[in-house]
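Notes follow the structure.
The values are calculated or read from the model by the stated rules, or taken from the named source; none is laboratory data. This is a predicted model, so every value here is computed, not measured. Positions of Cβ are backbone-derived with ideal geometry, glycine not excepted, and every protein chain shown enters the neighbour counts.
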Amino acid sequence: MAHIVSSISRREFLKFSAAGFAGFFLSTKPFWDYQGAETHGRIIDDNVPVFAFPSQNADKIATFWKDMIVPIQEVTLGDDEANHNRVWYQIDHKSYIHSGQVQPVRTSINPAFAEIPAEGVLAEVTVPFTDAHWGPGQIFPVAYRFYYETTHWVTNLVYSDSNDPWYRLYDDKWKYYYYAPATHLRIIPAEELAPLSPEIPNAGKRIEVRTEEQVVIAYEWNRPVFMTRTATGAKFSNGDFRTPPGRHITSHKRPFRHMAAGNLAYNGYDLPGVPWVCYITESGISFHGTYWHNNFGRPRSHGCINLTPKAAKWIFRWTLPYVPPQHQYVYEEFGTSVDVI
């Protein structure tokens, strides 16, 4: 089966990847005006050029800024066949932006969930972004900005002075509590965390991380059942962070994690709410969802195996050990095999 997967050409794979975005149709109002099934785009980088047609060689006609919510009418492929990511988004029917700098998002406003279990419960952000404050209300200073599909641990429902519902959220890195509008987070039901393919024993499951092709493939009894693009570890000016090759296992898993390290001005990072984390080494290398870029197909991480949040959630549910809904993490001496090639 490995031979079958490797026979897919780079061009065919890029077309396959582009097809995965075909349902995204994105408008220019603030995100809170966007309730419904449509998908939009959040600008990820500090400033992003907008082009007259899908090519870096086209005329630049505008600049978008971080956290702008933009309209996208179509998904298309750029003209540079050598590019690892040829997917572009058409906006306003007349201009184009490269997909690697845009996070596809939706907006869903949720009812406040009053019956929070004593041990807490997992929730995900369902709006393009929401600000977490040091207290329950807009009058309190902002602690962090939480982005779409990030996951957080809810410990309580409280109300602001204006009687708006806010969730109290636990930060597993700094051991602090933040508060965010309850309507911006969806409590994840237990059935949505249930294992995938539980009838397949652990010995029948295996994952390949192919660093040359930048793909992740999951196998059941040597039959590929899942494939997705990735961005693995890279070599930077301040160190070699390439994902370590060899056989690993997913023995340590967390449905959410605040990841932070280094100097932010020099290749450091501070990322709250990283979703669906499956560690494969004691040093912290893991599969996880990624919201700070949408540019898969080339190494760019500090060693981790970056995936879209949806792909990371699939890996999280499919691998062992199983993480019960009421648990913040599970650490075992066993796990699903991972071959980094």
*Only one residue in Val50, Val127 is assigned to a loop (DSSP other than H, G, I, E, B), hydrophobic (A, V, I, L, M, F, W, C) and at pLDDT 95 or above, so which one is that?*
Val127
*Residue check: is Ala231 surrounded by fewer than 21 Cβ atoms within 10 Å (Cβ to Cβ) and either not assigned by TED's automatic domain parsing to the domain that holds His84 or not aliphatic (A, V, I, L, M) (or both)?*
no
_Residues satisfying the stated conditions in region 203-222, i.e. modelled with pLDDT of 95 or more, more than 21 Å from the chain's Cα centre (by Cα) and not aromatic (Phe, Trp, Tyr)_ = Ala203, Gly204, Lys205, Arg206, Glu212, Glu220
*asked:* Checking the condition in contact with a helix residue (DSSP H, G or I) (Cβ under 6 Å, 6 or more places away or on another chain) and either assigned by TED's automatic domain parsing to the domain that holds Asn163 or over 25 Å from Tyr170 (Cβ atoms) (or both), which residue from Arg106, Arg86, Arg145 passes?
replied: Arg86
*asked:* Filter region 271-300 down to the residues that are at pLDDT below 95 and within 23 Å of Pro128 (Cα to Cα) and list them by number.
replied: none
_With the condition being under 15 Å from the mean Cα position of the chain (by Cα), I'd like the strands (runs of 3 or more DSSP E) fully within region 255-341 carrying at least 2 qualifying residues._
269-279, 286-289, 305-307
*What pairs come up if the first residue lies in region 123-136 and is over 22 Å from Thr39 (Cβ atoms), the second is buried (at least 20 other Cβ atoms within 10 Å of the Cβ) and among the aliphatic types (A, V, I, L, M), and their beta carbons are under 6 Å apart, counting only those six or more places apart or on different chains?*
Ala132/Ala143; Ala132/Ala180; Trp134/Ala143
